[in-house]
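A.B. asks: Take a look at the following structure, please.
None of the figures in this text is laboratory data; all of them are computed from the coordinates on show. Since the model is a prediction, treat every value here as computed from it, not as a measurement. Please note: Cβ atoms are built from the backbone with ideal geometry, for glycine as well, and neighbour counts cover all protein chains shown.
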Amino acid sequence: MNVHITNIYGFIHDQNLRKKQNLYADAAHALGFKEMGIFNFDVSTDTENELSKRIDGIISSLQFNDLVFVQLPTGNGEHYDNLLINKIKAYNTKVCILLHETIEYEYVLNAADLIMPTNNEVHAYLKEHNYSNVFYKKNINYEFGLYSNSSNIISSDFYIKKYLIDAQDQLEESVLNEQDDDIIHIGFGLHDKTGHYSVWVGTVMQSILEHTDSRICFHILHDETLSIDNKYKLEKVARSGSSIIEFHKIDENDFSVVKNQMSRFTIGTMFRRSLPELLPNLNRIIYLDADLFVNRDIKELWDVDICEYCLAGVADEGVDIHNYPKILNKYPGIKKESYFNAGVLYMNLKKLREFGNLKKLVVDFLVENPEAGLPDQDALNVIFHNKVLYLDGSWNRFVFMHRKDNVEKLDKAIFHYAAALLMLYSHSQIDLEYFRTICRTPWIDYEMYHQFEQCFDRMNDRVYQYQNMLCLLSDSDVKHVFYGEENKKLKTLYSRIHLKDGDYRVLEYAKNMESDILPCKDLSVLKDEKSPIIIFVNWESDDCSAIQNLEELGFKNGKDFFVVERFFSFFDGGFM
């Protein structure tokens, strides 16, 4: 479905009318509307056949079931405007009239699906004549003009866009029955502080729509950080697949008590806790993180029977490779093999409501367990232990595992980037397919160049790190100090650097094990170190405070110490 807007050109006596229409058309262009240009001329010189052909040319880009915003009056008279609306309606379109001046065109005003007044005078006229199809915006004071001190109700580009989008929402209001089993409901949490998070949600949606024939209802749980432009682009993705999208405003303050615990993550992940109460008439929903790529028909997951379970998810395949979830030390009854990743969750909302208030359960858990390293995910694992249906691993497969296996063909799976970044230089199929999918979204103009730039920057940074450390490494007197526990990354580094007598490890508080290759000392010994040293640091050490700790001791990043993940390849656990 395409959205169009008319715009007048030519020698127009009423320059104020032209400026108004141009203003609305410019805002619509930014939202991706297609323009239908209308030239102002003396229609009395045209025969009926000639006039009909002119209008056919104007609407030549129109397709069945499109949506058209017609700006009236055109300046070409009632007969012309009547014919224009009549021909547009013949395509089974929905017509929204942007009415800039009072007109007494009975056919035109009654034929429109929606009439949008753009000033107080027009609004008063429509109200007086009791037109039932007028778009009365609740938060606009039509009598006094809330958005402007002038007679115009809406004057700024921002509010014009909002006005157009809200009208479009009303015209395409969901008529789906939430309990219709043919409709798949999918939810996302969206906190978009930088304005660059919406594209990831949009890309997941795009990947879903390209792999299913089912009808989808997307539920976007968002706060005030979602911009008008990004909201429209998300709507455009949904409608490109003839699906429905619904936006649900979440008050971020509802989670203020745990905001500090979520500082390493997006607060948007907490929004899903509101789903059971937010959608009281819905019995189930698939919740997805924004860093996913869906390469299979999501209906296969929707068809899984979860009647007896609160949640369905996949055991976290990163637990054996990355840090062991610390929460399991406090709850030993939960085995690491049953610790699930919350990036893909099939939620039985009916069962969850019977269990209790999900939002309160999670918040209370986090208040009582401030040591939870993966806050909301830890909470779900503990609260719903033994109430989870474990899905096949293909429903939540980590991208780094796919890259490690270096498979040539992309499996039918949901791929989870899980803090990994898109790497165009990896030659892996998942990155190539993900990038192609981004390029099919409304964000293509920015993202195509942004992703190339990001990838080159990361490659250049790796070269820069090597250049800076080479001089130090070539010094025969330099001592190697490693900050962190002896995990796979550090042991790999040992094999690449010629270890010498006197090399050691540090942690804020030393921990030594019999199997350790290098001895570990308290971090404070670095204050008194007299020998020339080069420090290699695993950024996750000491609860991710390692870099900060070294900087507080006066060491400089990229000069005195080097972050292992910045110069390691992704195969060895480095940054992407």
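A.B. asks: Would you list Met513, Met401, Met270 from fewest to most Cβ contacts within 10 Å? Working shown, then result.
C.D. replies: Working: Met513 8, Met401 16, Met270 27.
Listed from fewest to most nearby Cβ atoms, that is Met513, Met401, Met270.
A.B. asks: For segment 268-279, take each phi angle, set θ = phi - 60°, evaluate the Karplus expression 6.51 cos²θ - 1.76 cosθ + 1.60, and give the result in whole Hz per residue in order, putting x for glycine and proline.
C.D. replies: x, 5, 6, 4, 4, 5, 8, 4, x, 8, 5, 10
A.B. asks: Given the rule -39500 (n - 2.57) for each run of at least 4 DSSP H residues, summed and divided by the residues of the chain, what is its mean residue ellipticity at 222 nm, to the nearest 500 deg cm²/dmol?
C.D. replies: So the calculated ellipticity at 222 nm is -10500 deg cm²/dmol.
A.B. asks: Here is a follow-up. What percent antiparallel are the DSSP beta bridges of the chain, to the nearest 5?
C.D. replies: Details: 13 of 69 bridges.
Here the share of antiparallel DSSP bridges comes out near 20 percent.
A.B. asks: Please list, by residue number, every one of the chymotrypsin sites (Phe, Trp or Tyr not before Pro) in segment 496-541 that is coil in DSSP and has at most 14 other beta-carbon atoms within 10 Å. Before the final figure, lay out the partial values.
C.D. replies: Values: sites: Tyr504, Tyr509, Phe536, Trp539; in loops: Tyr509, Trp539.
Those satisfying the criteria are Tyr509.
A.B. asks: With point charges of +1 on the Cβ of Lys and Arg and -1 on the Cβ of Asp and Glu, referenced to the Cα centre of segment 3-171, which listed residue (Val68, Tyr107, Gly57) lies farthest in the positive direction of the dipole?
C.D. replies: Val68
A.B. asks: Next question, about the same structure. Using the 10 angstrom Cβ neighbour count as an exposure proxy, how do Phe33, Phe158 rank, fewest first?
C.D. replies: Numbers: Phe33 22, Phe158 14.
The order, fewest Cβ neighbours first, is Phe158, Phe33.
A.B. asks: Follow-up question, since we're still on this one. Where does each of 96-109, 474-487, 545-558 land if you order them by average Cβ count within 10 Å, highest first? The partial results should precede the final answer.
C.D. replies: Details: 96-109: 19.2, 474-487: 17.0, 545-558: 14.6.
Put in order of decreasing packing, that is 96-109, 474-487, 545-558.
A.B. asks: Step through the table entries Lys231/Lys488; Lys193/Lys479; Lys326/Lys351; Lys488/Lys559; Lys89/Lys162, compare each Cα-Cα distance with 32 Å, and write down the pairs that go over it.
C.D. replies: Working: Lys231/Lys488 43 Å; Lys193/Lys479 43 Å; Lys326/Lys351 28 Å; Lys488/Lys559 24 Å; Lys89/Lys162 25 Å.
Table pairs above 32 Å Cα-Cα are Lys231/Lys488; Lys193/Lys479.
A.B. asks: I'd like the distance separating the alpha-carbon centroids of segment 4-81 and segment 429-491, in whole Å.
C.D. replies: For segment 4-81 versus segment 429-491, the Cα centre distance is 52 Å.
A.B. asks: Could you list Glu246, Glu128 so that the one with the fewest beta carbons within 10 Å of its beta carbon is first and the one with the most is last? The partial results should precede the final answer.
C.D. replies: Working: Glu246 17, Glu128 8.
Ascending number of Cβ neighbours within 10 Å: Glu128, Glu246.
A.B. asks: For semi-axes √(5λ) of the Cα gyration tensor in Å, the choices are (i) 42, 35, 24; (ii) 41, 31, 22; (iii) 56, 28, 22; which was calculated from the structure?
C.D. replies: Of the labelled values, this structure produces (iii).
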